[in-house]
Amino acid sequence: SSGPYGTLHVAMEMFANSAGIKLLHVPFRGAGPALTAILGGTVQAIAAAPGTLKPQVDDGKLRVLGNCGAQRIASFPDVPTFQELGYKDVEMYIWAGLFAQSSLPAPIATRLREAMAQVMASPEVLKAFETSGSLVAYQDAPAFAQFVATDSKRLIAAVKKIGKVE
């Protein structure tokens with residue numbers, strides 16, 4: 001993984017727990033070294049963002065076994081989700097959001113939300129995400145707040161199952 005309790009570690013542990021198997025956690029100092037390790041045969045599997053893996057998959061160096069999201073993604077349309085494969089507890093997302101202090105004046109918050117929606121709908125940005133193999137799932141504040149709450153519960157449960165990492 002890219003380090004204890006990071007997205008790559010938690011995703012693999014979600015899968016291991018759902019599959020009823022034990023995996024040896026091998027932490028690296030980031031996704032780059034983890035990718036180098038799998039390409040070099042030091043480790044046999046990693047969890048990573050689509051954009052990180054797509055060039056190696058396209059070159060035939062890696063094979064994607066499953067998608068951690070709830071739905072298939074355009075960059076790997078033939079790759080089933082882990083839920084489709086029967087691992088019902090595997091749902092993990094690598095996401096980013098725009099946050100501000102709660103004291104931010106409402107007109108400024110509204111303007112920031114409008115600007116972000118405009119940026120995320122622009123053809124250039126959509127093309128950049130598509131080229132990298134990443135999914136665009138823009139959500140405005142109310143829907144995003146609900147997503148964060150749901151995702152937080154899922155991640156807290158996964159981290160509790162992992163327990164203390166030695």
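Taken together, the values in this text are just the output of simple stated rules run on the coordinates, not laboratory data. Everything quoted here is computed from the prediction, not taken from an experiment. All Cβ positions, even for glycine, are placed from backbone atoms using ideal geometry, and neighbour counts span all protein chains on display.
Using only the alpha-carbon atoms, how far is helix 106-121 inclined from the longest principal axis of the chain? Give it as 0 to 90 degrees, nearest 10.
50 degrees
Pick out which of PHE99, PHE82, PHE129 has the largest mean-square fluctuation in a Gaussian network model of the chain, springs linking Cα atoms closer than 10 Å.
PHE99
In whole angstrom, how long is each semi-axis of the equivalent ellipsoid of segment 1-160, when you take the square root of 5 times every eigenvalue of its Cα gyration tensor and sort them from largest down? Can you show the working numbers first?
Details: eigenvalues 176, 77, 46 Å².
Gyration-tensor ellipsoid for segment 1-160: 30, 20, 15 Å.
Lysine pairs, Cα distance under 22 Å, 8 or more residues apart or cross-chain: how many in the chain?
Lysine pairs satisfying the spacing and distance rule in the chain number 10.
Angle between the Cα long axis of helix 123-132 and the longest principal axis of the chain, 0 to 90 degrees, nearest 10?
Once rounded, one gets 10 degrees.
Can you give the relative contact order of the chain as a percent, counting alpha carbon pairs under 8 Å and 6+ residues apart? Working shown, then result.
Details: 153 pairs, mean separation 39.5, N = 166.
The value is 24 percent.
Can you tell me the orientation of helix 7-19 relative to the chain, as the angle in degrees between its alpha-carbon axis and the longest Cα principal axis, to the nearest 10?
Its long axis makes an angle of about 60 degrees.
Sort ASP78, ASP140 by Cβ crowding within 10 Å, fewest neighbours at the top.
Numbers: ASP78 6, ASP140 12.
If I rank by nearby Cβ atoms, fewest first, I get ASP78, ASP140.
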